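Novice: Let me give you the structure first, and then I'll get to my questions.
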Amino acid sequence: PTMFFMGVHVVLGQILNARGRFGAMMWTPVLNNIVVIATFGAFIWAFGGFTTTGVTEAGITPEGVRLLGLGTLLGLVVQSLAMLPYLRDAGFKPRLRFDWKGHGLGKAAGLAKWTFFFVLANQLGLIVVTQFATWAGELADKQGHGGTGITGYNYALLLWQMPQAIITVSVMTAVLPRISRSAHDGDAAAVRDDISYGLRTSAVAIVPCAFAFLALGVPMAGLLYAGSGAESAQNIGFILMAFGLGLIPYSVQYVVLRGFYAYEDTRTPFYNTVIVAAVNAGMSAVAFFVLPSRWAVVGMAAAYGLGYAVGVGVAWRRLRTRLGGDLDGAHVMRTYTRLIGACVPAAAVAGAVAYAVLHFIGNGALGSFTALVAGGIALAAVFLVAAKRMRIEELNAMVGMVRGRLGR
């Protein structure tokens, strides 16, 4: 049932997106989160927390599993049903239909085939990386270095992916219906312009976030994962720093692939994912065999971004050819170059400030919090000053929009 209601939410959300209604798809997952948080609260109230009971996934009772399962299902049900009022306001009236022939279901199945292979390629690459990270973590644990295995890798990855999920996905959710209409009409110039817009608009936030992870990864992890111990949290921070700059090609890849999806091409994204997964897995193997066990997973995190950097190069050339040899590359590169130019000194100053704070206060939760706040303020201040001097038009447009809304 959970998979069913996940699918219902996605389908209803895409119907709303096609009608230019984007808000519901973005905020209804909050309802799911509230229900799931309440479920975990009920679990702790009924069965006790980990610190008092020591319960693990191996020792959890059937009643506890049932409670968590029902809570997860309820969250997805609430998330899906909350879409219905928005569908009604959009003029959509659902009704059962059984005249399935001639409505493109066969074509949809053909497209879904390559999407399935896309997911499979990702998972195969992930399995390879997981094995190497697990082995490296076991070796590092024996040497007294915690937080350096697959758990640390996953913790850092989860945090690192947040800007992509919040910023790039939101931008492209609004832009994709327009791109798809342009592709259907054969207007390659409009597709190019919207892809360029998505890349440049998301970059205004993605590029600074990438450098923030690079400069402030240690205090971020020190604050969020303080419960795992100071050294383990620090090691997770090193992994997060290694992920850092890979956020840029990771975001670019997501936007570029929307261009292929607009033309109902799911085969090219599959082949591109095979390249990304192969580079990621291959370089992770190199990191495992070449680097000391404590730093092997840090190398694997860097390999993740490298895989997407290679994938972006391949996808960019293919989409440029698809659009007649023009992808507004000069405009896009100018924006990214200026943003990176503004972020380099900002990250250097922020990293120095954070290092000084951690040196004097310590790398516990308080020191990490202070370092993160001080470093974050320094990064934002230097970045905004540098970006203003470089006259980054996308940033100026965003600042103007925010000021306009605050003024009202």
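Novice: Please say if segment 2-89 is rounded, prolate or oblate, where rounded means a/c under 1.5 for a ≥ b ≥ c the square roots of the C-alpha gyration tensor eigenvalues, and otherwise the choice is prolate for a/b larger than b/c and oblate otherwise?
Specialist: Prolate shape, in that a/c is at least 1.5 and a/b is the bigger ratio.
Novice: Identify which of Ile206, Ile166, Ile44 has the largest mean-square fluctuation in a Gaussian network model of the chain, with springs joining Cα atoms closer than 10 Å.
Specialist: Of the options given, Ile44 has the highest mean-square fluctuation.
Novice: Can you compute the helix-only [θ] at 222 nm over the chain? Use -39500 (n - 2.57) per DSSP H run of at least 4 residues, normalise by all residues, nearest 500 deg cm²/dmol.
Specialist: Rounded to the nearest 500, it is -28000 deg cm²/dmol.
Novice: Only Cα pairs under 8 Å and at least 6 apart count here; give the relative contact order of the chain as a rounded whole percent.
Specialist: 18 percent
Novice: Compute a Gaussian network model of the chain, connecting alpha carbons closer than 10 Å, and tell me which residue from Thr266, Thr168, Thr61 fluctuates the most.
Specialist: Of Thr266, Thr168, Thr61, the Gaussian network model singles out Thr61 as fluctuating most.
Novice: Which one is right for this structure if Cα Rg over 2.2 N^0.38 Å is calculated from it: (i) 1.25; (ii) 1.07; (iii) 0.98?
Specialist: (ii)
Novice: How much FRET efficiency would the formula 1/(1 + (r/R0)^6) give for Leu68 and Leu366, where r is the Cβ-Cβ distance and R0 is 30 Å, rounded to 0.05?
Specialist: 0.35
Novice: Additional query: Please list, by residue number, everything in segment 60-78 whose backbone N is under 16 Å from a paramagnetic label point 7 Å out along Cα→Cβ of Val8.
Specialist: Residues passing the 16 Å test: 70-78.
Novice: Roughly how big is the chain's charge dipole about its Cα centre, with Cβ charges of +1 (Lys, Arg) and -1 (Asp, Glu), in debye to the nearest 20?
Specialist: Approximately 1200 debye in magnitude.
Novice: I would also like to ask the following. Points 7 angstrom from Cα along the Cβ direction at Glu138 and Asn154: gap in nanometres?
Specialist: Computed distance between label sites Glu138 and Asn154 equals 1.6 nm.
Novice: For the pair Ala18 and Glu231, what calculated FRET efficiency results from E = 1/(1 + (r/R0)^6), where r is the Cβ-Cβ distance and R0 = 60 Å, to the nearest 0.05?
Specialist: 0.75
Novice: Pick out which of Arg317, Arg66, Arg334 has the largest mean-square fluctuation in a Gaussian network model of the chain, springs linking Cα atoms closer than 10 Å.
Specialist: Largest GNM mean-square fluctuation: Arg66.
Novice: Report the local net charge at Ala24: Lys and Arg +1, Asp and Glu -1, summed over other residues whose C-beta lies under 14 Å from its C-beta.
Specialist: Here the charged neighbours net out to +2.
Novice: Give me the distance in nm between label points sitting 7 Å out from Cα along the Cα-to-Cβ direction at Phe47 and Arg389, one decimal.
Specialist: The modelled label-to-label distance comes out at 5.7 nm.
Bear in mind that the values in this text are calculations on the coordinates, not laboratory data. Worth saying up front: this structure is predicted, and the values here are computed from it rather than measured. In this analysis, Cβ positions are derived from the backbone assuming ideal geometry, glycine residues included, and neighbour counts consider all displayed protein chains.
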